[in-house]
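Notes follow once the structure below has been shown.
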Amino acid sequence: MPTMSLCMIVRNEEDVLGRCLACMKEIADEIIIVDTGSIDKTKEIAAAYTDKIYDFIWIDDFAAARNFSFSKAVMDYIMWLDADDYIDIENQHKLLALKNSLDQKTDVVMMPYHVAFDQNDTPTFSYYRERLLKRSQQFVWNGAVHEAITPQGVIVYSEVAVRHKKCKVNDPNRNLKIFQKLLQEGKALDTRQKYYYARELYYHQQYSEAIDAFQDFFASPDRWIENSIGACLDLARCYEQLGEKDKALRSLFESFLYDRPRAEICCEIGFVKMQKKQYEQAIFWYECALDCGENAQNGGFSSIDCFGFIPYMQLCVCYDQLGEYTKACECNEKAGERKPDNENYLANKRYFQNKLREIANKEEV
């Protein structure tokens, strides 16, 4: 049975670190904590689980800190987590089973990373991350922000899911500040970093600057397909915020140059068409979203609601606007099958009950 090192970098994580370490204490063969400058009880909490606690002077470089943590590992495989990650009981059992049965020819295990949830704690946004890595392959993290390891060798996709849930709001400007510092120092961003820099600008509502940054990303020849598709979606949203709907549509359609349509792209086209009150066209694109199917293993970001709930809810609105109330009601019920406690679904349900009753009464008269 292969052994496992858990490697983490932390700073002022007293509110979540115990939750994370508790779920791994019976699975990891060693726990390595690299602290980058905590002034709370983070180290005290870590000490209850491990004596392998190291200090690392923070240099605005997540990859450097993670590589330092990996350098301390001695087990066969290295697993990484952030302090605000955790693994629920079901997935703890799955992870232990994976560890016990893992073919040691495996170099990388990809696992789903659930990062957003609805009111019922069901994941709504997810993507695969390189989560378990063979130490002998000497994988290296790259990127001062949004750091990553390029998966190589024998890659296995697992259904063991990691959940990411914060208990406090961190500095929302941290990543953008790091990018800006790199640029001010005259350092060139690689293609992946250009993509994430543009996204940070978009998140900060600096839409014109984000558009320029996305265009810089598209000028790079070595773009990853999923990042290119994601950039088309984010670029379109920048244009939407600036009221340039036709440019938004053009960006969304350009995503089809890279691969088959994604449900997220089709939903966004439908949304723009709804804004333009082109409801029949919007219906076409939301139905396309339903036909896309999910392929989480392509590595891209996956908005899970775009594969069912959102298209049906929006189809409900479109058919209602067209006066086709029976179809609208049917679509609302299909949305409700996916989220029976959703407030919008329930409000629609009451609305259509009254609407169809009114229509029935008029027909009787």
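Do we find that Ser251 is in contact with a Phe, Trp or Tyr (Cβ under 7 Å, 6 or more places away or on another chain), open to solvent by less than 20 Å² (accessible area, probe 1.4 Å) and assigned to a helix (DSSP H, G or I) in this structure? Taking the combined requirement at face value, the residue satisfies it. Go through the residues of region 287-295 one by one and say whether even a single one is under 19 Å from Asn354 (Cα atoms), modelled with pLDDT of 95 or more and of a type outside the set (Lys, Arg). No: region 287-295 contains no residue that is under 19 Å from Asn354 (Cα atoms), modelled with pLDDT of 95 or more and of a type outside the set (Lys, Arg).
For region 275-291, which positions are open to solvent by less than 70 Å² (accessible area, probe 1.4 Å) and outside any loop (DSSP other than H, G, I, E, B)? Those that are open to solvent by less than 70 Å² (accessible area, probe 1.4 Å) and outside any loop (DSSP other than H, G, I, E, B): Tyr279, Ala282, Ile283, Trp285, Tyr286, Cys288, Ala289, Leu290. Which residues, counting only those in region 12-40, are open to solvent by 70 Å² or more (accessible area, probe 1.4 Å) and touching a residue at least 60 places away in the same chain (Cβ under 8 Å)? Correct list: Arg19, Glu26.
Residues that are farther than 17 Å from Cys306 by Cβ and of a type outside the set (Ser, Thr, Tyr) within region 254-274 comprise Glu254, Leu257, listed in sequence order. Within region 255-274, being open to solvent by 70 Å² or more (accessible area, probe 1.4 Å), in a helix (DSSP H, G or I) and over 17 Å from Gln314 (Cα atoms) holds for one residue alone: Leu257. Among the residues of region 161-185, those identified as open to solvent by less than 30 Å² (accessible area, probe 1.4 Å) and closer than 18 Å to Asp121 by Cβ are Ala161, Val162, Arg163.
The residues of region 203-225 that are buried (at least 18 other Cβ atoms within 10 Å of the Cβ) and closer than 20 Å to Tyr127 by Cα amount to a single one, Arg223. The numbered conditions (1) over 22 Å from the mean Cα position of the chain (by Cα); (2) among the basic types (Lys, Arg); (3) open to solvent by less than 70 Å² (accessible area, probe 1.4 Å) are all true for Lys43 except (3).
Beta carbons closer than 8 Å, at least 6 apart along the sequence or on distinct chains, pair a first residue in region 277-288 that is farther than 17 Å from Glu330 by Cα and basic (Lys, Arg) with a second that is at pLDDT 95 or above and part of a helix (DSSP H, G or I) for Lys277/Gln321.
If you check Asn332 against the conditions, is it polar (S, T, N, Q), part of a helix (DSSP H, G or I), more than 30 Å from Val156 (Cα to Cα) and open to solvent by less than 30 Å² (accessible area, probe 1.4 Å)? Answer is yes for this residue. When Ser101 is tested against (1) more than 30 Å from Tyr345 (Cα to Cα); (2) crowded, with 19+ Cβ neighbours inside 10 Å; (3) not β-branched (Val, Ile, Thr), only condition (2) is not met. What do you reckon, is Tyr345 under 28 Å from Tyr113 (Cβ atoms), without any contact (Cβ under 8 Å) to a residue 60 or more places away in the chain and open to solvent by less than 50 Å² (accessible area, probe 1.4 Å)? Against the criterion (under 28 Å from Tyr113 (Cβ atoms), without any contact (Cβ under 8 Å) to a residue 60 or more places away in the chain and open to solvent by less than 50 Å² (accessible area, probe 1.4 Å)), Tyr345 qualifies. Among residues of region 233-244 that are aliphatic (A, V, I, L, M), those with a Cβ under 6 angstrom from a residue that is surrounded by fewer than 19 Cβ atoms within 10 Å (Cβ to Cβ), sequence gap 6+ or separate chain, pair up as Leu242/Tyr207.
Going residue by residue through region 1-11, is there one that turns out to be over 30 Å from Thr106 (Cα atoms), free of Cβ contacts under 8 Å to residues at least 40 places away in the same chain, assigned to a loop (DSSP other than H, G, I, E, B) and out of contact with any His (no Cβ under 8 Å at 6 or more places or on another chain)? Looking for residues that are over 30 Å from Thr106 (Cα atoms), free of Cβ contacts under 8 Å to residues at least 40 places away in the same chain, assigned to a loop (DSSP other than H, G, I, E, B) and out of contact with any His (no Cβ under 8 Å at 6 or more places or on another chain), one finds none in region 1-11, hence no.
Filter region 150-160 for residues that are hydrophobic (A, V, I, L, M, F, W, C) and either open to solvent by less than 60 Å² (accessible area, probe 1.4 Å) or at pLDDT below 95 (or both) and give the result.
Those that are hydrophobic (A, V, I, L, M, F, W, C) and either open to solvent by less than 60 Å² (accessible area, probe 1.4 Å) or at pLDDT below 95 (or both): Val156, Val160.
Is it the case, given these coordinates, that Glu147 is closer than 15 Å to Ile9 by Cβ and modelled with pLDDT of 95 or more? For Glu147, the condition - closer than 15 Å to Ile9 by Cβ and modelled with pLDDT of 95 or more - is met. Consider region 348-365 and keep the residues that are of a type in the set (S, T, N, Q) and surrounded by fewer than 14 Cβ atoms within 10 Å (Cβ to Cβ). The one that is nearest to Asp121 (Cα to Cα) is Gln353.
The values are calculated or read from the model by the stated rules, or taken from the named source; none is laboratory data. None of these values were measured; they are calculated from a predicted model. Quick reminder, even Gly has a Cβ in these numbers, built from the backbone with ideal geometry, and neighbours come from all protein chains shown. Keep in mind that these areas ignore ligands, DNA and RNA; they rest on the heavy atoms of the full protein, side chains included. Shrake-Rupley method; radii C 1.70, N 1.55, O 1.52, S 1.80 Å.
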